[in-house]
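Below: the structure, in structure tokens.
The values are calculated or read from the model by the stated rules, or taken from the named source; none is laboratory data. As the structure is a computational prediction, the values presented were derived from the model and not from experiment. Methodologically, a virtual Cβ is constructed for each residue, glycine included, from the backbone with ideal geometry; neighbour enumeration extends over all protein chains shown. To get the accessible areas, we keep the full protein, side chains included, count just its heavy atoms, and leave off ligands, DNA and RNA. Shrake-Rupley method; radii C 1.70, N 1.55, O 1.52, S 1.80 Å.
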2 protein chains.
Amino acid sequence: MASPSTTSPPPDVLEKLVSLCKRRGFIFQSSEIYGGTGSVWDYGPLGVELKKNIKDRWWNALVRARDDIEGLDAAILMHPRVWEASGHVAGFTDPLVDCRNCKKRFRADDPKIKGTPGTPDGQCPACGMKGTLSQPRLFNLMFKTFMGPVEDSAAVVYLRPETAQGIYVNFLNVQQSTRQRVPFGIAQIGKAFRNEITPGNFIFRTREFEQMEMQFFVDPAPPDQQKTPYRTDMEWFEYWKEQRMQWHRDLGLSESRLMFHQHTPEELAHYARAAFDIQFDFGGTLGFQEIEGVHHRGDFDLGRHQEFSGKKLEYFDQPANRRYVPLVIETSVGADRTTLAVLVNGYREEQVEGEQEGRTVLGLHPGLAPIKVGVFPLVKKDGMPEFAEKLAADLRAKFPVFYDESGAIGRRYRRQDEVGTPFCVTVDGETIKDSTVTVRDRDTLKQERIAADRVGEWVARRI
Amino acid sequence: MASPSTTSPPPDVLEKLVSLCKRRGFIFQSSEIYGGTGSVWDYGPLGVELKKNIKDRWWNALVRARDDIEGLDAAILMHPRVWEASGHVAGFTDPLVDCRNCKKRFRADDPKIKGTPGTPDGQCPACGMKGTLSQPRLFNLMFKTFMGPVEDSAAVVYLRPETAQGIYVNFLNVQQSTRQRVPFGIAQIGKAFRNEITPGNFIFRTREFEQMEMQFFVDPAPPDQQKTPYRTDMEWFEYWKEQRMQWHRDLGLSESRLMFHQHTPEELAHYARAAFDIQFDFGGTLGFQEIEGVHHRGDFDLGRHQEFSGKKLEYFDQPANRRYVPLVIETSVGADRTTLAVLVNGYREEQVEGEQEGRTVLGLHPGLAPIKVGVFPLVKKDGMPEFAEKLAADLRAKFPVFYDESGAIGRRYRRQDEVGTPFCVTVDGETIKDSTVTVRDRDTLKQERIAADRVGEWVARRI
């Protein structure tokens, strides 16, 4: 069996993925038959499984496998005061400029604008007129809607621009109902919405997206004043930085495509005590971009909600006999960005020795692959389809299986390679005689002959 | 060991559940520290697990265990034309009346209104004035928002009031990318939003809710014209009615609390060929209410989207050499309502023979219970906590475990009964000598002594 020779990922990997994702049912443009909805995407049959596998992996690692993190699923629609407390009403804005001539609108920092907006030399990048650009005005990025039967300002609510605030306002509800002791965390997966001016790059920046956020609450006292000193806040920060980077490595993302980016003093929020992003190299013009933030937010969030709600958000530390507002270490990762990173990371085009046509492979981690096993009868006769269909049905009780009997066997392998299926099982003439099948590995292309009734166990060991 | 005697569910079960759910971390009022958001709820640590277990069970039964249903996760924000095609812009309305005196607003069919709104005898139920109620006016139940930087009518988008339309507009994308053949289905779990005038009854009717919808596409031709006759559309309808009812029974919902309700000619939508709801008896004043709808929608949905988008949504049936717009059998179940049904169904108050204090039990199906095993050291000494903590850590790799060492052992059992934990394991003096523990069954209260290293397997067999 020939072993494949991989070429490095093509620079236009994003464009190739957009096409592959539509053709194979990973991701479709939303409302496509109506011309699409701006920068909103729908996950198709394979995409929903891939994203669910990523989300379940996060949930299992943070919530189910640990006893110091609790889960939460707060609503998208929250009380409007939440966003005053969080600073989003006042500060979550982009400066925009309008062209009085062509009526187009641009980000004030759009590199295509020449000169200074609001002055005679400011030039519109669309119509080319000079002196027609307005002064920059602030535009809030939150989607606004109206709750209740009257459409007036009293009933304005926002679609949450982040899930974190649902965790902060429930801090005491969760702590008291679970009797958790600081240090502990609260984790949540959910949709958030931002009315971005310049969304784009496929599912990298979208107006509707899904976050996986965990807020970890720690004692603000110096270690010598803690009754049960464990880690200081900065030690917890370092701990979560490493834990989260390791999680991305465990998804199969290449070490060389991952790096930390420390926020510069200019990037750092005024309340933040330290902030690192985990960046992934998406290749092409996008390059290294944030997929997760690990931020030490101090006591800003709980402190602001105390102030705006008038309700104490203090934790009572019984052993130490102290009340305090805990510090927060936040880990916030985009489910869509991680899905895109996994797709980019796995995409490769290969030549296989002795074959003319190359192959496209999604080298997904077997645990993340939407389909775990392809099952094929070599030909459509001599009892092979019946044997293969029965085997597929048996395996489907354990994991997602794709049964395929149409076209040449090589073509069926290629179709599974392209969607990242790690293993393929072929039923042939030998099978009918001795109940053995061949199992083929997506990456090495090695084939092995094993008993048909051992396939389930063979696959389970490898995913 | 005494066996418990159950009393029938109390009539005020909903109120009792609201309190239990807050206290034990199933469900909190959203943005509670700000006075709450109208009829929006947050799922706490135990609630999020319970709901996730229900959703995963649905997904596994419909998508992963079958080869004729594909998954989908379409966005909440869709193209506004979708809701013109679906009829929601024109028809998804409630008639409302205003009081000119007190400025309050009511549903026109509010039973508290006396007389006829818009006439001199119409009486306001709030201020009591006569003749001050307006004529009924239509109010659309969709939440409206604005996409893009300009807040004008061209950019109006809606929060989807149902997930089904995401399935219809992606019908061909899914069919072509998966090469499925009719009959097949598309399934989706996701949030939907309705600006209800009279939401309420805890999580029964909320403005933000989660649906689990499956649309099954079938051949409209009479069986004798089908190349591969399988089931007629009405046979598929009957099939899904039974499948879906069985799914609810398998969640542990009592047979006596479940029934079908056939839509009367007045209830039936003009395009629907048949419609049944699955109702559950929530007890108290709520009684039997819809938790799922199984509806034969004909070719209305795909037909309308063809008309409004100008794109063909026809399936080409190769063996029969026919093109057609398939008929749709819809199954649509509320994830929140099912969660509430499971809670109501499981809630009971019991007297235990030989004990003074009664106990509250959530008799949840072990597969749905948020915590599978409670692990307790009998007392906090003699090595018991160390043994129990190690056992809890080992079990946590397999399923959610709660470790508890505080308070009397009876009280710890009661705390787990109240949140539906099916099994509790106690480490006592014997354990230290012979590595055996007692396992206790939540419902029968029977205790068994087994080897500590067999607990995982013992529990796994029962969930």
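Okay, here's what the table says:
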item: Dimensionless Rg/Rh of the stretch A:176-309 - Kirkwood Rh, Rg from C-alpha atoms; result: 0.99
item: Simple label model, 7 Å out from Cα along Cβ direction - A:M234 to B:Q262, nm; result: 7.5
item: Unpaired by the 4.7 Å Cβ criterion, cysteines found in chain B; result: B:C21, B:C424
item: Test item: Cα-centred dipole of the stretch A:1-91, Lys/Arg +1 and Asp/Glu -1 on Cβ, debye; result: 280
item: Positive-end extreme of charge dipole, the protein assembly as shown - chosen from B:G36, A:P422, B:F276 (charges on Cβ); result: B:G36
item: Listed residues A:K16, A:K52 arranged by accessible area, highest first, probe 1.4 Å; result: A:K16, A:K52
item: Accessible solvent surface per residue of the stretch B:96-221, calculated while the other protein chains remain in place, 1.4 angstrom probe, Å²; result: 38
item: Dipole of the protein assembly as shown, positive direction: furthest Cα of B:H263, B:N60, B:I432, with charges on the beta-carbon; result: B:H263
item: Closest approach to the B/A rotation axis among chain B Cβ atoms, residue and whole-Å value; result: B:T145, 2
item: Nearest-first distances (nm) between copies at B:G367, label 7 Å from Cα via Cβ; result: 2.4
item: Convex hull of Cα atoms in the stretch A:102-235, direction-averaged projection (nm²); result: 14.3
item: Accessible surface, per residue, of the stretch B:245-286 when the full set of protein chains is kept, probe 1.4 Å, Å²; result: 52
item: CD proxy at 222 nm, helix term only [per DSSP H run n ≥ 4: -39500 (n - 2.57); per residue of chain A; nearest 500]; result: -8000 deg cm²/dmol
item: Size of the A/B contact, given as accessible area buried on both chains, probe 1.4 Å, in Å²; result: 6700
item: Dipole-positive endmost among B:T206, B:P125, B:V156 within the stretch B:103-233 (Cβ charges, Cα centre); result: B:P125
item: Unsatisfied cross-links (Cα-Cα over 29 Å) in the set A:K52/B:K312; A:K22/A:K191; A:K112/B:K144; A:K16/A:K52; A:K398/B:K22; result: A:K52/B:K312; A:K112/B:K144; A:K398/B:K22
item: Ratio Rg/Rh [Cα only; Rh per Kirkwood] for the protein assembly as shown; result: 0.96
item: At R0 = 56 Å, FRET efficiency that the Cβ-Cβ distance of B:Y271 and B:R454 yields, to 0.05; result: 0.45
item: Tensor-based shape of chain A (alpha-carbon gyration tensor, a/c under 1.5 rounded, otherwise prolate or oblate); result: oblate
item: Cα centroid separation, the stretch A:404-440 to the stretch B:197-262 (Å); result: 36
item: The protein assembly as shown, dipole about Cα centre (Lys/Arg Cβ +1, Asp/Glu Cβ -1), debye to the nearest 20; result: 1000
item: Solvent-accessible area per residue for the stretch A:1-91 (1.4 angstrom probe, square angstrom); result: 34
item: Kyte-Doolittle mean at least -0.5 and Cα axial length at least 20 Å: DSSP H helices in chain A; result: none
item: Gyration tensor verdict on the stretch A:346-447 (Cα atoms; rounded if a/c is under 1.5, prolate if a/b is larger than b/c, oblate otherwise); result: oblate
item: Two-decimal Rg/Rh across the stretch A:1-111, once Rg and the Kirkwood Rh are taken from alpha-carbon atoms; result: 1.10
item: With all protein chains modelled, accessible area of B:T438 [1.4 Å, Å²]; result: 20
item: Accessible area of the protein assembly as shown belonging to carbon and sulfur atoms, whole % at 1.4 Å probe; result: 49
item: Teacher prompt: B:S134 distances to equivalent labels in other copies, 7 Å Cα→Cβ, nm; result: 3.1
item: Other copies of B:K104: label-to-label distances in nm, shortest first, labels 7 Å along the beta-carbon direction; result: 5.4
item: Three-way shape label, the stretch A:245-356, alpha-carbon gyration tensor, a/c 1.5; result: prolate
item: Contact order relative to length of the stretch A:67-124, as percent, for alpha carbon pairs under 8 angstrom and 6 or more apart; result: 17
item: Solvent-accessible area of B:E386 with every protein chain in place, 1.4 Å probe, in Å² to the nearest 10; result: 120
item: Threshold 40 Å², the stretch B:54-82 residues less accessible with all protein chains present than alone (1.4 Å probe); result: B:W59, B:R64, B:D73, B:A75, B:I76, B:L77, B:H79
item: Which listed pairs, of A:K381/A:K433; A:K372/B:K372; B:K381/B:K446; B:K390/B:K433; A:K390/B:K241, have C-alpha distances above 18 Å, in listed order; result: A:K372/B:K372; B:K381/B:K446; A:K390/B:K241
item: Antiparallel DSSP beta bridges within the stretch A:350-463, as percent of all bridges there, nearest 5; result: 55
item: Residue order for B:Y403, A:Y168 - accessible surface, 1.4 angstrom probe, largest first; result: B:Y403, A:Y168
item: Ranked order, B:V455, B:V18 - accessible area, probe 1.4 Å, largest first; result: B:V18, B:V455
item: Between the stretch B:355-380 and the stretch A:113-183, the alpha-carbon center distance in angstrom; result: 45
